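Input: a single structure, listed below in structure tokens.
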Amino acid sequence: MSIKLVILKSGETVISDAKELIVEEDKIVGYLLGNPFKITSQKSLLLTEEVIQDSDHMVEITMSPWILLTSDTSIPIKPDWVVTVVEPMESVKKMYEERVNVFKKETDQGTSTKG
């Protein structure tokens, strides 16, 4: 798994298991975002969901599924929508992995009770 922060042209920050979609001649034609979550962050005033402390900075982080109304877990995006792809802080990566595990369990329980 290659967990990356993807900054989109829309200004959204998405964390996911990101893979480059490459064709011949090593040309990137898109990205495949596995289990993408949207990250919102702000300076922490109140302790709400999870706080990341980095030196003298405290940041409130919230993660939610990037596209709420889909059951797709892998979403392709065009490369011209990507501003940059960066490595997340270890604490953010851990938070993402925990969220994905919880989300998968909730999804599995929801589909097993409907059968």
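Across the stretch 86-107, which residue is modelled with the highest pLDDT among those that are within 15 Å of LYS38 (Cα to Cα) and of a type in the set (Val, Ile, Thr)? The residue in question is VAL86. Scanning the stretch 38-85 for residues that are at pLDDT 80 or above, of a type outside the set (Phe, Trp, Tyr) and in a loop (DSSP other than H, G, I, E, B) turns up ILE67, LEU68, LEU69, THR70, SER71, ASP72, THR73, LYS78.
Residues of the stretch 84-105 that are closer than 15 Å to THR13 by Cβ, touching a residue at least 40 places away in the same chain (Cβ under 8 Å) and surrounded by 12 or more Cβ atoms within 10 Å (Cβ to Cβ): VAL85, PRO88, VAL92, LYS93, MET95, TYR96, ARG99. Scanning the stretch 14-33 for residues that are out of contact with any Gly (no Cβ under 6 Å at 6 or more places or on another chain) and surrounded by fewer than 17 Cβ atoms within 10 Å (Cβ to Cβ) gives LYS19, GLU20, ILE22, VAL23, GLU24, GLU25, ASP26, LYS27, ILE28, VAL29, LEU32.
Being touching a strand residue (DSSP E or B) at 6+ places or on another chain (Cβ under 6 Å) and closer than 18 Å to LEU8 by Cα is the filter here, so list the residues in the stretch 66-81 that pass it. The answer is TRP66, SER74, ILE75, PRO76, ILE77, LYS78, PRO79, TRP81.
The values are calculated or read from the model by the stated rules, or taken from the named source; none is laboratory data. Note that this is a predicted model, so its numbers are computed, not measured. Cβ coordinates were reconstructed from backbone atoms using ideal geometry, including for glycine residues, and neighbour counts include every protein chain displayed.
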